[in-house]
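Just so it is clear, none of the values below were taken in a lab; they were calculated from the coordinates. Computed from a predicted model, the values in this text were never measured in an experiment. Please note: Cβ atoms are built from the backbone with ideal geometry, for glycine as well, and neighbour counts cover all protein chains shown.
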Amino acid sequence: MAFVDLQPIIDEAVHQVRRGDREAYRAIVEACESRLRVLVAPVLPDPATVEDVVQQTFVTAYRKLDQYQTGTGFMAWIATIARYEALNERRRWITERSFRRRYGDEVRIEQFLEDDLVEASAEWDEGMVERLHHCIGGLQERTAAVVKAHYFQLQDNHDIAAAHGHDAAWVRLVLHRARLAIASCLKAQRGAHA
């Protein structure tokens, strides 16, 4: 069956959905699904995301169904939505890859450090807060200010960066180095008390 023949079926399904028959949307999905897969697959760098993007397209189209004008070409309308969804997914995928490449080493170090921090704080007692503040106090003044702003005042990295005349990457680096120093300090204190 050619797509032109599907237009009246799709428009009828749209009318039924608008009248509250959610099940009628199934006819729209069945009529468009394979075409949308073919449309978005070349745009997406990860073939595993094709199904998710197509499903998200149908969800978005359902929410915006009141914006579609029957008789104007449903496939063209939903294809536009699918292209936007695919491009958004592509951007997200590229950003995630870029982030992993750029900060992958930092993330691996943080995961490695997590064990030290957990171990250092395993013997949590009333003196732990005092030891933690002692370790923070041992940091350089600017580093301690960044740590306090981030962890105690819950400021966002961009605000902290602006206050210090740097960018958010600088804040991440300062926090990373501070966590290293704090973990080392807590470990040393625990060793001294053992």
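Computed over the alpha carbons of region 3-93, Rg followed by Dmax gives 13.0, 38 Å. Full extension of the segment from D46 to H133, taken as 0.36 nm per residue of separation minus the current Cα-Cα distance, would add 26.7 nm. You can think of it this way: the chain between D66 and A169 has 32.7 nm of extra reach, that is 0.36 nm per residue less the Cα-Cα gap.
Coupling constants for region 133-150 follow from the phi torsions by the Karplus curve (6.51 cos²θ - 1.76 cosθ + 1.60, θ = phi - 60°), and in residue order they are 5, 4, 5, 5, x, x, 6, 4, 4, 5, 5, 4, 5, 5, 4, 5, 4, 6 Hz; glycine and proline get x. The stretch between Q153 and V29 holds 39.7 nm of extra length on full extension. This uses 0.36 nm per residue minus the Cα-Cα distance. Phi-derived couplings, Karplus 6.51 cos²θ - 1.76 cosθ + 1.60 at θ = phi - 60°, listed residue by residue for region 81-96: 4, 4, 4, 5, 4, 5, 5, 4, 5, 4, 4, 4, 5, 5, 4, 4 Hz, with x used for Gly and Pro.
Taking the Cα centre of region 123-193 as origin and assigning +1 to Lys and Arg Cβ atoms and -1 to Asp and Glu Cβ atoms, the resulting dipole is close to 280 debye. Distance from the alpha carbon centroid of region 139-194 to that of region 16-93 works out to 45 angstrom. In terms of the mean number of neighbouring beta-carbon atoms within 10 Å, the peptides 49-57, 25-33, 91-99, 157-165 order highest first as 49-57, 25-33, 157-165, 91-99.
Each semi-axis of the equivalent ellipsoid for region 123-193 is √(5λ) with λ an eigenvalue of the Cα gyration tensor; in descending order they amount to 25, 12, 9 Å.
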